[in-house]
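Student: One structure, as structure tokens, below. Some questions next.
The values are calculated or read from the model by the stated rules, or taken from the named source; none is laboratory data. Here the structure is a predicted model, which is why all the values come from computation and not from measurement. So basically every Cβ, Gly included, is an ideal-geometry build from the backbone, and we count neighbours across all protein chains shown. Note: accessible area is taken over every heavy atom of the protein model, side chains too, but ligands, DNA and RNA are not part of it. Shrake-Rupley method; radii C 1.70, N 1.55, O 1.52, S 1.80 Å.
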Amino acid sequence: MARHMAMSAKSEGFPPPKAAAGDVLTRLFAKRRPLVMGVLNVTPDSFSDGGHFLDARAAIEHARRLAAEGADILDVGAESTRPYGGAVRVSAEQERERLLPVLAEVIKLGIPVSIDTMKSEIAAWALGLGAAIVNDVWGLQRDPDMAKIAAENGASVIMMHNRDSADPAIDIVADVTAFFDQSLAIAAAAGIPSSRIVLDPGIGFGKTPEQSLACIARLDTWRRFGVPLLVGASRKRFIHSVTPSDPAERIGGSLAAHLLAVEKGAAIVRVHDVAPTVQALAVAAAIRSAQ
Ligand code: HH2
């Protein structure tokens, strides 16, 4: 899109290191600007948009809208991760049933699709349909077959930090770093090349609001891993801790968080509100290149 062209190749964190030819990430990063991943939750209970897109027609329509608004990647999930507790685990069968009428249609839109799942069997099925990326909110550390499935299918993987519960007493940056070390070791052992890896500190997952803020503020710490970083701050509760607001009213906070994340090295932002994010990133890039 024309507005994307205003974005500067000099944006922080670009080009991301070590991408091999042929990988979906390589093709995406050839755009030489931060990427916008649009969220499609085919769930009844997601924290900010649960129930909106459980109907297949509504879900496909929403995916079209995200694409038209400039999403670079569509992240499709059918089990709420419920970062704030109260998650209702769904069986693989239920997850597949929700995805079945939606996923292939979304893939047909021609934009790379990531599958947001904690289950290797769902990942394998989605990759078979043509999804290109596995988004694992447990960083390959929960389902023992996840790394193997990603490796065998030549998929890219988003490895997100997570904890069963928040502990305000810990050094969250050290905890995330140790988790990334472990996830990277699992990926390497399975034969996933670093050109197919994205790391994500998991904003809101097993973190106090203060720890989520710290993960964005200190994002540049994890540049040393030499792989692209993703931040998903969209509508999350830490925004409410700064300015009390319902999830749908957190767009301003989400934009602030994602712009600062990009300044600190995020190569991908995961958002519900694609159009305002694309605009904010384009304006920020135009200002940067006008200096
Ligand atoms: N956040 C959510 C879900 N998946 N994946 C990555 N990589 N990073 C994130 O920050 C992330 C994620 C939570 O947001 P949402 O999908 O809107 O909610 P829910 O999990 O309740 O469906």
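Student: Quick one: if you take sqrt(5λ) for each eigenvalue of the C-alpha gyration tensor of the chain, what semi-axes come out, biggest first, whole angstrom?
Tutor: Result for the chain: semi-axes of 24, 22, 21 Å.
Student: Next question, about the same structure. Which three lengths, in whole Å and largest first, does segment 228-271 cover when its Cα atoms are put on their principal axes?
Tutor: 31, 14, 13
Student: Normalised radius of gyration for segment 98-239, please: alpha carbon Rg relative to 2.2 N^0.38 Å, two decimal places.
Tutor: Values: Rg = 15.2 Å, N = 142, 2.2 N^0.38 = 14.5 Å.
Ratio of Rg to 2.2 N^0.38 Å for segment 98-239: 1.05.
Student: Leaving out ligands and nucleic acids, note down the accessible area per residue over the chain with a 1.4 angstrom probe, in whole Å².
Tutor: Here the residues of the chain average 40 Å² of exposed surface.
Student: So what's the back-of-envelope 222 nm ellipticity for the chain, counting only DSSP H runs of four-plus at -39500 (n - 2.57) apiece and dividing by all residues, rounded to 500? Before the final figure, lay out each step's value.
Tutor: Values: 12 runs with 117 residues, N = 291.
Helix-only estimate at 222 nm: -11500 deg cm²/dmol.
Student: At a 1.4 Å probe radius, carbon and sulfur cover how many percent of the accessible area of the chain? Can you show the working numbers first?
Tutor: On the way: 6360 of 11760 Å².
The C+S portion of the solvent-accessible surface of the chain is 54 percent.
Student: According to the Kirkwood expression over distinct Cα-Cα pairs, how big is the hydrodynamic radius of segment 168-237, in Å?
Tutor: 12.8
Student: Let me ask something else. Is there a pair in K207/K264; K31/K108; K119/K264; K31/K148 whose C-alpha atoms are over 25 Å apart, and which pairs would that be? If you can, show how the numbers build up before the last one.
Tutor: Numbers: K207/K264 19 Å; K31/K108 21 Å; K119/K264 31 Å; K31/K148 29 Å.
Over 25 Å Cα-Cα: K119/K264; K31/K148.
Student: Something else about it: On average over all directions, what projected area in square nanometres does segment 163-291 have, based on the convex hull of its Cα atoms?
Tutor: If I average the Cα hull's projected area over directions, I get 8.9 nm².
Student: Moving to a separate point now. Give the Debye-formula value of log10 I(q)/I(0) at each listed q (0.15, 0.26 Å⁻¹), with one equal scatterer per alpha carbon of segment 153-205, two decimals each.
Tutor: Listed by q, the Debye log ratios stand at -0.45, -1.02.
Student: Which residue, V42, L100, A188, has the largest displacement toward the positive end of the dipole of the chain when charges sit on each Cβ (Lys, Arg +1; Asp, Glu -1)?
Tutor: With unit charges placed on the Cβ atoms, the residue in question is A188.
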